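A quick write-up on the structure given underneath.
The values are calculated or read from the model by the stated rules, or taken from the named source; none is laboratory data. Here the structure is a predicted model, which means the values were calculated and not measured. Cβ sites come from the backbone with ideal geometry, for glycine too, and all protein chains shown count toward neighbours.
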Amino acid sequence: MDFVPPKDGIFLSTMPVGPGQRRLALAVVAVATVLFLASAPFAKIQLERVDAFIPVYETALITFDLITAVLLFGQFAFLRSRAILVLASGYLFTSTMTLAHALSFPGLFSPQGLLGAGPQTTVWLYVFWHVGFTLFVLAFALLKNEKGRPFAPHRRARIIIAWSAGVVLLASVLLILLATAGQAALPTIMQGNRYGPGSYLVALGGWSVALVTLAVLLRRGPQSVLDLWVVVVVWVLVLEVALSATLNGGRFDLGFYLGRIYGLAAVSFVLLILLIENGRLYAQLAARQAELLRLSAADPLTTIANRRAFDEALETEWRQALTDRTTLALLLIDVDCFKPFNDNYGHVVGDQCLRRVAEVLARGARRAGETIARYGGDEFAILLPRTDPERASALARHLCKSVRDLGMPHAHSDVAPHVTISIGLTSISMGQQTEQFASTLLVEAADHALYAAKAAGRNSVAENVVEAGGRVEPKRDGRVAGTSPLLAPRPAGG
């Protein structure tokens, strides 16, 4: 089964370039270029050999490149873009070649380096690493404008990523063998710690590939944030090669150190932007999840809680009241004669009526923990935790009056010339004996109280109290009666 790829703007590779990103990228390019021009005349100044510099530099490169490759492979798994796959493979290639470069560097793990290396191995690994990465970026530039395809299940994406990683590793092994066992077939470009004449020709070839890559990237302009920062990466790598392989004289001079710092900065750019993007995506995901939860719990017409949210709140508050041995009250509310209102005034006006009633209820019950919900059709419910019967009764009568005061005309009501409501109120004071009853006891008692209010002429409040033993006792006005939680069938009609 194929899936639809995510919309543009979600990933770094599909996010359009904004003015802020352009300004930041230009600032980075400007700072890097100015620093390059200021340091270029001094590139050959020999500095002290810092033994810790190379392992720290190589370790950072390997780590940054691996993380970047993993993040880009992750984007490929969703977007199925060959351009992203190639770029991720390029960062994986750089990581493997950097590891080989570190193992072969003279004096790092052994006086002559590991891997059976000779005097030319390390410098040729550096050349293969930089030119190879640039070629991967060139392939990315040539493929980046292709249309995305519907992506397949993750299992197939993992297979493609595994094949790509295998090809990268194979290419790396072949180049490592060429730089070690086959170095006699390669031109001599290193003499001790100083570069030989051949190094400038090799650097010129690397520059040519990089400039062609820049031209292809800039031909249509950066289409996404990823395109923009890949351009910055290539430009900074050009400056790195100029400082550390052309303008300087060899290892451990100013150009050598500064060039490596440029290279480390270059690989950091895309990683930093990817990490920032991932943080932004997580923030968006959390916000959208919160919004989905809100929408799933909200009634679309009135925007108050829906029946599902009410049922969950009732179970939660029932358990909490049992634990705390507190009082829990419930109001069930019905709009009087709503069916003739809806039939005569139309569904649009009927919806407006329900929204206005919901607003009145929401304004009336505003204490923390109180739940106002559309219970169904023209019925509403208000759950009142830790509320004694007196306050619940006062609130119910206040809500009845507030709806009457709206003055919404209702010429087809048997009660009044305007919209009114009836309320059934019940409350329960939790005790040990209450634990045997379910929360539906509260709803049943409130439901019967509501029908008692209707039977008494509507536009009124009927109340009862469920005692700890499960008995339903009428209020003193005697308008609701009951003797057990197995309440009698509610009155017919409505």
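Key figures
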read-out	value
Filter result for V238 (part of a helix (DSSP H, G or I) and either of a type in the set (S, T, N, Q) or within 18 Å of G20 (Cβ to Cβ) (or both))	no
Candidates R367, R288, R294 - the one that is outside any helix (DSSP H, G or I), surrounded by fewer than 17 Cβ atoms within 10 Å (Cβ to Cβ) and out of contact with any Ser or Thr (no Cβ under 7 Å at 6 or more places or on another chain)	R367
Selection status of D334, among the acidic types (D, E), in the same structural domain as A452 (by TED's automatic domain parsing) and in contact with a Phe, Trp or Tyr (Cβ under 9 Å, 6 or more places away or on another chain)	yes
The range 386-420 - residue that is outside any helix (DSSP H, G or I), of a type outside the set (V, I, T) and within 30 Å of R319 (Cβ to Cβ) and, of those, modelled with the lowest pLDDT	D388
Qualifying residues in the range 273-285 (those that are under 26 Å from F133 (Cβ atoms) and surrounded by 13 or more Cβ atoms within 10 Å (Cβ to Cβ)) - the one farthest from the chain's Cα centre (by Cα)	I273
Complete set of residues in the range 25-39 that are surrounded by 12 or more Cβ atoms within 10 Å (Cβ to Cβ) and farther than 19 Å from L264 by Cβ	L26
Of all residues making up the range 35-82, the number that are closer than 30 Å to F11 by Cα, outside any helix (DSSP H, G or I) and of a type in the set (D, E, K, R)	1
Leading residue by the ranking (nearest to the chain's Cα centre (by Cα)) among those in the range 101-141 that are in a helix (DSSP H, G or I) and among the polar types (S, T, N, Q)	T134
Matching residues, the range 330-369, being small (G, A, S), under 28 Å from A394 (Cα atoms) and free of Cβ contacts under 8 Å to residues at least 24 places away in the same chain	G350, A368
Verdict on A185 being without any contact (Cβ under 8 Å) to a residue 12 or more places away in the chain, within 36 Å of the chain's Cα centre (by Cα) and surrounded by fewer than 16 Cβ atoms within 10 Å (Cβ to Cβ)	no
Set G206, G255: member being part of a helix (DSSP H, G or I), small (G, A, S) and more than 17 Å from I54 (Cα to Cα)	G206
From A162, A141, residue being buried (at least 21 other Cβ atoms within 10 Å of the Cβ), modelled with pLDDT of 90 or more and not polar (S, T, N, Q)	A141
Matching residues in the range 254-273 - criterion: being out of contact with any Ser or Thr (no Cβ under 8 Å at 6 or more places or on another chain) and within 16 Å of V225 (Cβ to Cβ)	S268, F269, L272, I273
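Yes or no, residue by residue, for (1) touching a residue at least 12 places away in the same chain (Cβ under 8 Å); (2) touching a helix residue (DSSP H, G or I) at 6+ places or on another chain (Cβ under 8 Å); (3) under 18 Å from I54 (Cβ atoms); (4) not small (G, A, S):
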position	(1), (2), (3), (4)
V216	yes, yes, no, yes
V236	yes, yes, no, yes
S268	yes, yes, yes, no
L285	no, no, no, yes
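Results for (1) buried (at least 23 other Cβ atoms within 10 Å of the Cβ); (2) outside the structural domain of G457 (by TED's automatic domain parsing); (3) farther than 20 Å from A449 by Cα; (4) among the hydroxyl-bearing types (S, T, Y), shown as yes or no for each residue.
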position: P340; (1), (2), (3), (4): no, no, yes, no
position: Y345; (1), (2), (3), (4): no, no, yes, yes
position: A358; (1), (2), (3), (4): no, no, yes, no
position: G377; (1), (2), (3), (4): no, no, no, no
position: L383; (1), (2), (3), (4): yes, no, no, no
